[in-house]
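Here is the structure we will look at.
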């Protein structure tokens, strides 16, 4: 390469370099915005899926579970009663789901398998439990110990 060609590229690089760096910075900022948009969309999709599961759980609860869990019959913990659900929640949702699917015959109460509706799928039972546990009242207004742990 000749000296004049080298000088041309050196001068060219000096003048172009700020524009290239500004362009890369701009593209980097766009990428950050896209990542933020993707995270927001993902969060919205997860919330939407959860809302759909809760809605399905509510429907299943109303048609299959409410007769016992609204009244507390057979030792069923009432919907929204924090204290009545505390021991069950401490065991974890997987244990609650298993017990709801297989049924339980506890010290002071019982629950038939699948709440007495053998046509409910495991996913139906999970959705109903998700709904019921989402309704646990965290205030101290509804914590009477009327439903013992089974």
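Per this entry, residue 46 is counted among residues that are at pLDDT below 90 and more than 18 Å from residue 122 (Cβ to Cβ).
Taken over the stretch 71-85, the criterion of being in a loop (DSSP other than H, G, I, E, B) and either within 16 Å of residue 130 (Cα to Cα) or in contact (Cβ under 8 Å) with a residue 60 or more places away in the chain (or both) is satisfied by 72, 76, 77, 78, 79, 80, 81. Name the residues in the stretch 92-115 that are assigned to a helix (DSSP H, G or I) and touching a residue at least 12 places away in the same chain (Cβ under 8 Å), would you? Listed by number, the residues that qualify are 93, 96, 97, 99, 100, 101, 113, 114, 115.
Per-residue answers, yes or no, for (1) surrounded by 19 or more Cβ atoms within 10 Å (Cβ to Cβ); (2) modelled with pLDDT of 90 or more; (3) on the phi > 0 side of the Ramachandran plot:
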site	(1), (2), (3)
61	yes, yes, no
73	no, yes, no
97	no, yes, no
130	yes, yes, no
139	no, no, no
148	no, no, no
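Only one of (1) under 17 Å from residue 58 (Cβ atoms); (2) surrounded by 15 or more Cβ atoms within 10 Å (Cβ to Cβ) is not met by residue 83, so which one is it? (1) is the only condition that residue 83 fails.
The values are calculated or read from the model by the stated rules, or taken from the named source; none is laboratory data. In this text the structure is predicted, and so the values were computed from the model without any measurement. Quick reminder, even Gly has a Cβ in these numbers, built from the backbone with ideal geometry, and neighbours come from all protein chains shown.
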